[in-house]
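The values are calculated or read from the model by the stated rules, or taken from the named source; none is laboratory data. Computed from a prediction, not measured in an experiment: that's the story for all the values here. Every residue, glycine as well, gets a Cβ built from its backbone with ideal geometry; the counts of neighbours run over all protein chains shown. To get the accessible areas, we keep the full protein, side chains included, count just its heavy atoms, and leave off ligands, DNA and RNA. Shrake-Rupley method; radii C 1.70, N 1.55, O 1.52, S 1.80 Å.
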Amino acid sequence: MLTILVANIKGGCGKTTVATHLAAASAAAGLPTVLADVDRQHSSLGWLERRPGQAPALVGLDWAKDFSDAPRGTKRLVIDAPAALKTKQIEDLVKMADIVVLPVLPGAFDEQATQRFLTKLDELKRIAKKKTTVAVVGNRMRARTRAADRLDRFLGGIGHQVVTRLRDSQIYADAAESGLSLFDMPGKRAAEHRGDWQPLLSYIDGV
Ligand SMILES: Nc1ncnc2c1ncn2[C@@H]1O[C@H](COP(=O)(O)OP(=O)(O)O)[C@@H](O)[C@H]1O
Ligand SMILES: [Mg+2]
């Protein structure tokens, strides 16, 4: 089983968007997949409740109180973390994870918070020894804007691999509302945006 932890101490940076998309991509690829929601707000589990019956099936686990076992035969475990995480919780979750996916938005406050989180991650032995790898994802990027240039400069200096950049698009709000992901949606627009995810999916497959 490959375990992917989606985390950042910044709220609203796209953790649930990334977690639901990674889980849906893995289900669409035919892998038995579990989406574990650590957030008390249960955004991932709410999305799962809205998921249509014809979409590739996912198992949801409520991890807000404790971390129950994934069913036997699970190939992918995607963990959606809340913004508010105690150091001990970060340690416990990172211990389980093969990969930490860290979404980051453009903007000074987001960069500050992300820097603090990365400093905490770097202090963990598993991260230092690369037993758990870190994949940074630039989120809500608008090409050729000052904000995007700024985020690129920030990402260039953090010492972790920036695996992909996701564009800012209304399609993510549509996906959230309908319990779907770009990997379950037909049409040209979804296909175009799926391209943004390919480097991250290849990275995960390579771990
Ligand atoms: N690439 C994107 N383009 C447009 N909207 C996005 C994108 N990523 C996330 N969002 C929206 O931003 C809001 C916060 O995202 P969410 O995934 O809930 O963040 P978090 O789980 O980190 O709090 C949601 O309304 C979501 O639909
Ligand atoms: Mg969330």
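For the chain, with a Gaussian network of springs between Cα atoms less than 10 Å apart, report the residue from Arg144, Arg76, Arg50 with the top mean-square fluctuation.
In the Gaussian network model the winner is Arg144.
How much net charge surrounds Lys120 when only the other residues with a Cβ under 11 Å from the Cβ of Lys120 are counted, with Lys and Arg +1 and Asp and Glu -1? Write out the running numbers ahead of the final one.
Numbers: positive: Lys86, Arg116; negative: Glu91, Asp122, Glu123.
So the surrounding residues net to -1.
Considering only the other residues whose Cβ falls under 15 Å of the Cβ of Leu151, what net charge follows from Lys and Arg at +1 and Asp and Glu at -1?
Value of the local net charge: +3.
Any idea what the dipole of the stretch 21-163 comes to, in debye rounded to 20, about its Cα centre with Lys/Arg Cβ at +1 and Asp/Glu Cβ at -1?
Details: 23 positive and 16 negative charges, 67 e Å.
It works out to roughly 320 debye.
Ranked from the most accessible area to the least, with a 1.4 Å probe and all protein chains present, what is the order of Lys130, Lys75, Lys10? Present the calculation step by step, with values, prior to reporting the outcome.
Numbers: Lys130 150, Lys75 115, Lys10 55 Å².
These residues rank, largest area first, as Lys130, Lys75, Lys10.
Would you mind getting the accessible area per residue of the stretch 98-207, heavy atoms of the protein chains only, 1.4 Å probe, in Å²? Write down the numbers at each step before the final one.
On the way: 5840 Å² over 110 residues.
Normalised by residue count, the accessible surface of the stretch 98-207 is 53 Å².
Hey, what do the phi angles of the stretch 148-159 turn into as Karplus ³J(HN,Hα) couplings, whole Hz, using 6.51/-1.76/1.60 and θ = phi - 60°, x for Gly and Pro?
With coefficients 6.51, -1.76 and 1.60, one gets 5, 4, 5, 5, 4, 5, 4, 5, x, x, 8, x Hz.
Please turn the phi angles of the stretch 28-40 into ³J(HN,Hα) values with the Karplus equation 6.51 cos²θ - 1.76 cosθ + 1.60 (θ = phi - 60°), one per residue in order, whole Hz, x for glycine and proline.
5, 7, x, 8, x, 10, 10, 10, 9, 9, 8, 7, 5
Towards the positive end of the charge dipole of the chain, with charges on Cβ (+1 Lys, Arg; -1 Asp, Glu), say which of Ile9, Ala19, Ser169 has the farthest Cα.
Ile9
Round to a whole number: what % of the accessible area of the chain belongs to carbon and sulfur, probe 1.4 Å?
Answer for the chain is 50 percent, counting heavy atoms of protein chains only.
Let me know the Kirkwood hydrodynamic radius for the stretch 46-89, please, with Cα pairs as the basis and the value in Å to one decimal.
One over the average 1/r among Cα pairs gives 12.8 Å for the stretch 46-89.
How big is D for the stretch 2-206, in µm² s⁻¹ as a whole number, if Stokes-Einstein is applied with the Kirkwood radius of its Cα pairs at 10 °C and 1.306 mPa s? Each step should come with its number before you reach the end.
Details: Rh = 17.0 Å.
Here the translational diffusion coefficient equals 93 µm²/s.
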